[in-house]
Amino acid sequence: MANRAADWFAQAIRDIEQARDSQTSGRHEWACFAAQQAAEKAAKALHLSLGQEAWGHVVAQLLTELPETVKPDGQLIDKGKVLDNSYIPTRYANGHPSGAPFEHYSQIQSDQAIAYASEILEFVRHKMAEQSRS
């Protein structure tokens with residue numbers, strides 16, 4: 001089976017671009033979700049580049065399950081935890097006690113989500129480049 005790491009990472013890049021586009025149009029809930037998706041897909045790309053399978057949607061778990069030789073520090077894993085909070089409640093009205101998802105997200109949340117996801121993408125880009133050189 002072909003290694004699809006590059007495909008997953010390419011989609012992660014598109015997802016972070018979508019996060020920025022959504023933020024620009026004031027759709028902060030979608031910006032947060034797209035940022036979470038970018039980080040998730042980037043983490044899966046790194047697993048695949050190492051010859052591992054990766055399942056699930058929890059960014060922090062995907063980062064934690066990386067081999068010790070490439071595992072990020074605890075701070076980056078914590079940023080994954082913040083992003084994980086954008087997986088469901090950004091899209092479903094029952095993710096909050098009341099109100100539609102868009103009513104619970106603003107520029108503050110989308111700025112943070114995009115910044116954290118971008119850090120994870122850069123970490124993955126660096127580690128995948130190291131892998132390809134070795």
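The values are calculated or read from the model by the stated rules, or taken from the named source; none is laboratory data. Being a predicted model, the structure only gives us computed values, none of them experimental. Backbone-built Cβ (ideal geometry, glycine too); neighbour counts: all protein chains shown.
Out of Glu119, Glu130, I need the residue that is touching a Leu at 6+ places or on another chain (Cβ under 7 Å) and over 13 Å from Phe33 (Cβ atoms). Which one? Talk me through it step by step, then tell me what you get.
Numbers: Glu130 fails: touching a Leu at 6+ places or on another chain (Cβ under 7 Å).
It is Glu119.
Against the condition outside any loop (DSSP other than H, G, I, E, B), over 13 Å from the mean Cα position of the chain (by Cα) and either at pLDDT below 95 or not aliphatic (A, V, I, L, M) (or both), how does Gln23 come out, does it pass?
Details: outside any loop (DSSP other than H, G, I, E, B): yes; over 13 Å from the mean Cα position of the chain (by Cα): yes; either at pLDDT below 95 or not aliphatic (A, V, I, L, M) (or both): yes.
Judged against the criteria, Gln23 is a match.
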Among (1) closer than 14 Å to Gln112 by Cα; (2) crowded, with 21+ Cβ neighbours inside 10 Å - the single one Val82 does not satisfy: (2)
Name the pairs: first residue in region 50-66 and on the phi > 0 side of the Ramachandran plot, second residue surrounded by fewer than 13 Cβ atoms within 10 Å (Cβ to Cβ), Cβ to Cβ under 9 Å, at least 6 apart or on different chains? Gly51/Asn3
Among (1) part of a loop (DSSP other than H, G, I, E, B); (2) without any contact (Cβ under 8 Å) to a residue 24 or more places away in the chain; (3) not aromatic (Phe, Trp, Tyr), where does Glu17 come up short? (1)
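When only residues in region 74-113 that are in a helix (DSSP H, G or I) and among the hydrophobic types (A, V, I, L, M, F, W, C) count, which is nearest to the chain's Cα centre (by Cα)?
The initial filter retains those residues of region 74-113 that are in a helix (DSSP H, G or I), namely 74-84, 93-95, 101-104, 107-113.
This time we only want the ones that are among the hydrophobic types (A, V, I, L, M, F, W, C), so: 76-77, 82-83, 93, 102, 108, 113.
Working: Leu76: 11, Ile77: 11, Val82: 10, Leu83: 7, Ala93: 22, Phe102: 20, Ile108: 17, Ala113: 9 Å.
So the residue we want is Leu83.
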